[in-house]
Amino acid sequence: MTLAEVVITVGIIGVIAAIILPTTLKSVSSWIFSTSNAVFLSKLKEATNQMALNSPMVGYATNDAFVDEFSKYVKIAKRCTSSNLSECFVSRFTTSTQTINVNTSLMNGVDLGQTVNTSTLSGLVLLDGTTILIAYNPTCSMSADDIYNTSVDKTSCMAILYDVNGASIPNRVGADIQTLNASVSSCDIR
């Protein structure tokens, strides 16, 4: 094999790698976010099911009172109030149409798309690095039968925005950032 043949072969391999590598990396990133999302939702379901067995999921006067109880069932590294959410969540993230500034655009459950939930948001950083903004709806009702029924979604009283890889990029809704009973598509940039 001559030097020219080696150079041509390496060049062809380089071109093929340049074509295939971005698609492969995107697929791997998508798989990682999908798996991390499934793990978080599983942990959340387990935590809310355990919480429902030990205390009611309804009747908390404020979001802080709910988060105090919820914190007993998840491993939390840090908790933030509505006045310092960017200490627990990225300060800016993007949706398909806009960039949202957490400290000025997200204050309560209404900002997460809930029509009647005006409770202030709390921020949580879990030990696994997942970051959460949570708003509990104090007017939510769930029957006693629902609390012990494992098929009932115990998260229905909460609006949650979460980031499965913390402050790491891409910080985009639909990739590493997801919503549960929430929507940030209607957020106003303030």
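The values are calculated or read from the model by the stated rules, or taken from the named source; none is laboratory data. Since the model is a prediction, treat every value here as computed from it, not as a measurement. Cβ coordinates were reconstructed from backbone atoms using ideal geometry, including for glycine residues, and neighbour counts include every protein chain displayed. Calculation scope for accessible area: heavy atoms of the full protein, side chains included, ligands and nucleic acids excluded. Shrake-Rupley method; radii C 1.70, N 1.55, O 1.52, S 1.80 Å.
Can you give me the number of residues within the range 60-97 that are surrounded by 14 or more Cβ atoms within 10 Å (Cβ to Cβ), part of a loop (DSSP other than H, G, I, E, B) and not aliphatic (A, V, I, L, M)?
Matching residues across the range 60-97 total 8.
Considering only residues that are part of a loop (DSSP other than H, G, I, E, B) and on the phi < 0 side of the Ramachandran plot, which ones fall in the range 106-126?
So the first thing to find is which residues in the range 106-126 are part of a loop (DSSP other than H, G, I, E, B), and the list is 106-107, 113-119, 121.
Of everything in the range 106-126, those that are part of a loop (DSSP other than H, G, I, E, B) and on the phi < 0 side of the Ramachandran plot turn out to be Leu106, Met107, Gln114, Thr115, Val116, Asn117, Thr118, Ser119, Leu121.
Criterion first (in contact with a strand residue (DSSP E or B) (Cβ under 6 Å, 6 or more places away or on another chain) and free of Cβ contacts under 8 Å to residues at least 40 places away in the same chain) does Thr94 satisfy it?
So Thr94 fails the test.
Any chance the range 50-59 includes a residue that's of a type in the set (Gly, Ala, Ser), assigned to a loop (DSSP other than H, G, I, E, B) and farther than 21 Å from Asp163 by Cα?
Yes; the residues of the range 50-59 include at least one that is of a type in the set (Gly, Ala, Ser), assigned to a loop (DSSP other than H, G, I, E, B) and farther than 21 Å from Asp163 by Cα.
Go through (1) modelled with pLDDT of 85 or more; (2) touching a helix residue (DSSP H, G or I) at 6+ places or on another chain (Cβ under 6 Å); (3) of a type outside the set (Phe, Trp, Tyr) for Ala52 and report which single condition fails.
(1)
So, Thr48, is that one under 28 Å from Ile169 (Cβ atoms) and touching a residue at least 12 places away in the same chain (Cβ under 8 Å) or not? Give the derivation first.
Values: under 28 Å from Ile169 (Cβ atoms): no; touching a residue at least 12 places away in the same chain (Cβ under 8 Å): yes.
Here the answer is no, as Thr48 does not meet what is asked.
When the range 3-59 is examined, which residues are found to be among the hydroxyl-bearing types (Ser, Thr, Tyr) and open to solvent by 80 Å² or more (accessible area, probe 1.4 Å)?
The one that is among the hydroxyl-bearing types (Ser, Thr, Tyr) and open to solvent by 80 Å² or more (accessible area, probe 1.4 Å): Thr23.
One line per residue, one yes/no per condition, for (1) at pLDDT below 85; (2) in contact with a strand residue (DSSP E or B) (Cβ under 6 Å, 6 or more places away or on another chain); (3) surrounded by fewer than 21 Cβ atoms within 10 Å (Cβ to Cβ):
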position: Thr118; (1), (2), (3): yes, yes, yes
position: Gly123; (1), (2), (3): no, yes, no
position: Asp146; (1), (2), (3): yes, no, yes
position: Asn149; (1), (2), (3): yes, no, yes
